[in-house]
Amino acid sequence: MINYHPDEQLLSLHAKGELPLSLSLAVSAHCELCRHCADKIEQLTLFAAENSLNAQPTASLDSSINEAMDAELEAMLNTMMQMDDAVDVSPKQTKVAVKVKGQQYNLPAAFRQQVENHWQGIGKVSRLRLDTGEKQARASLLHIDKNGEIPQHTHKGQELTLLLAGEFSDEYNTYSAGDFLLLNSDHEHSPKTVEGCLCYTVVDAPLYFTKGISKLLNPIGELIY
């Protein structure tokens with residue numbers, strides 16, 4: 001059961017097409033796993049389209065141009081409403097698979113043009129970078145093998161985690177596939193998994209490790225996040 005979701009602001013920005021690619025991928029993938037949020041996105045998109053249709057035309061435009069624009073917007077709205085019937089989005093056609101540590105995972109269709117790099121990692125933690133074209137944010141697929149964990153850390157910026165498969169737990173809760181988490185410097189945790197898990201993560205600043213030998217990584221955090 002999915003217990004953690006994007007907030008209303010993120011969903012609204014996604015519906016308007018105003019999120020950067022790294023965050024848009026996360027919301028799109030979550031909505032493929034969560035019918036509740038997918039329905040919200042559909043409602044927000046239709047609401048935005050209806051607002052455009054009902055907007056008052058500017059006085060400087062010729063009435064014939066206004067009528068043409070109204071007709072075009074109405075056609076776009078009708079197309080959006082019929083999209084479910086016109087497009088085949090069956091899982092067999094839209095899913096993409098990745099393999100790591102002997103495990104194969106089917107990813108949401110949102111990632112189908114992103115998985116082109118190779119896995120890198122140490123021990124039970126593996127990472128595959130995704131190219132979103134953003135200078136600051138780093139997007140990755142993160143795999144933690146059975147009985148693995150990320151050393152205890154906090155965040156210099158924000159960390160978004162979408163759990164795609166498996167489970168993990170930390171000091172706050174236990175999470176399952178589809179859960180969408182957004183953490184900041186107020187959170188300190190050590191995610192660990194018994195069964196293994198695959199996540200999509202976005203960070204906009206290095207993690208800051210707070211315990212044990214992993215603290216030695218903090219001086220070079222800018223190079224490895």
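So the values come out like this:
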read-out	value
Cβ pairs under 9 Å, 6+ apart, first in segment 111-128 and among the β-branched types (Val, Ile, Thr), second not in a strand (DSSP E or B)	VAL125/ASP145; VAL125/GLY148; VAL125/ILE150
Selection count where residues are under 24 Å from PRO20 (Cβ atoms), modelled with pLDDT of 85 or more and surrounded by fewer than 20 Cβ atoms within 10 Å (Cβ to Cβ), scope segment 182-223	11
Some residue of segment 147-157 being in the same structural domain as GLY212 (by TED's automatic domain parsing), under 22 Å from LEU181 (Cα atoms), among the hydrophobic types (A, V, I, L, M, F, W, C) and in contact with a helix residue (DSSP H, G or I) (Cβ under 6 Å, 6 or more places away or on another chain)	no
Matching residues, segment 121-136, being hydrophobic (A, V, I, L, M, F, W, C) and either outside any strand (DSSP E or B) or surrounded by 11 or more Cβ atoms within 10 Å (Cβ to Cβ) (or both)	VAL125, LEU128, LEU130
Among residues of segment 139-154, those that are part of a loop (DSSP other than H, G, I, E, B) and at pLDDT 95 or above, counted	4
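The values are calculated or read from the model by the stated rules, or taken from the named source; none is laboratory data. In this text, all values refer to a predicted model and were calculated from it rather than measured experimentally. When we count neighbours, we look across all protein chains shown, and the Cβ atoms used for this are built from the backbone with ideal geometry, even at glycine.
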